[in-house]
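One structure is given below, encoded as structure tokens.
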Amino acid sequence: MKKTYSIAVLDDHALIIEAIKSLLQGAPDFPFTEGFQTYEAFQAYLASGKELDILLLDIQLENQDGIKLCEKIHLQHPNLRIIMLSSNTQPHVVMDALKKGAKGFLPKNVSLAELKEAFRETLNGKTYLHKDISLIPSERKTSRFDYLPKLTRREKEVLKLILEEMTTTEIAEKLFLSPSTVETHRASLFSKTNSKNVVGLIKYTLEKGLLED
């Protein structure tokens, strides 16, 4: 296994690139390799035959949508781990980035320890979200005229844990239920939200604010 990994940053703000470069001086296992202020410069670098392990990508570059770029880069370089950087950590933004191929999401004021943790997790094939990021909306307002399915207390508990990426077995252990009972609640959630899979369920939950008090 490699002892060091190449890290690059794609951000149109030179100060952000320099800040991350400075931060990574304290992480010899994850040396700063290159910084790019445009997608074109990034593409030219890879076209020259050079390789990267991790790309820290700004969510909004000048005249370019970082999430759309994430999808494009992921399709072109599927082995490159992309971690989004943004001060906008709203649940729907984070979910959109993850669906487009991002393997992690971090705020721009991230610490070195958090960066290293994100690198390790994504290199191990996992998805990493900063500890302050939640996929559950907290302040979204829903119109009183919107239709919202009525969920039982237990269904809400199961739904919350699904959004935390827990498996049926993990949810069963957490709530002291049998796996078959958890599956029954999952089936009910899919039916009530007209969702075909977990992605659809999560999308519906975030759009409708189902877990708001």
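What follows is calculated from the coordinates using simple rules that are stated; it is not laboratory data. Just so we're clear, the structure is a prediction, and the values are computed from it rather than from any experiment. All Cβ positions, glycine included, derive from the backbone under ideal geometry; neighbour counts span all protein chains shown.
Quick check on the chain: helices-only [θ] at 222 nm, where DSSP H runs of length 4 and up contribute -39,500 (n - 2.57) each and the sum goes over total residues. Nearest 500, please.
Numbers: 9 runs with 96 residues, N = 213.
Rounded to the nearest 500, the figure is -13500 deg cm²/dmol.
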Fill in the blank from the handout: Residues whose built amide H sits under 5 Å from the amide H of residue 84, excluding neighbours closer than 5 in sequence, are 57, 103, 104, 105, 106
Problem - Phi-based couplings in Hz for segment 154-168 (Karplus 6.51, -1.76, 1.60; Gly and Pro marked x) - result: 5, 4, 5, 5, 5, 4, 4, 6, 5, 5, 8, 6, 7, 7, 4
Problem - DSSP-defined beta bridges in the chain - what % are antiparallel, rounded to 5 - result: 10
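In segment 7-129, what % of DSSP beta bridges are antiparallel (nearest 5)? If you can, show how the numbers build up before the last one.
Values: 2 of 20 bridges.
For segment 7-129, the DSSP antiparallel bridge percentage is about 10.
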Fill in the blank from the handout: Amide H proximity to residue 6 below 5 Å, modelled H, separation 5+ or other chain, gives 53, 54
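What does the charge count around residue 82 come to, taking other residues whose C-beta lies under 12 Å from its C-beta (Lys +1, Arg +1, Asp -1, Glu -1)?
+1
What ranking do 202, 16, 7 get, fewest neighbouring Cβ atoms within 10 angstrom at the top? It would help to have the intermediate numbers written out before the result.
Numbers: 202 22, 16 17, 7 25.
Ascending Cβ contact count within 10 Å gives the list 16, 202, 7.
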Problem - Signed unit charges on C-beta, dipole axis of segment 7-129, positive-most listed residue 92, 23, 127 - result: 127
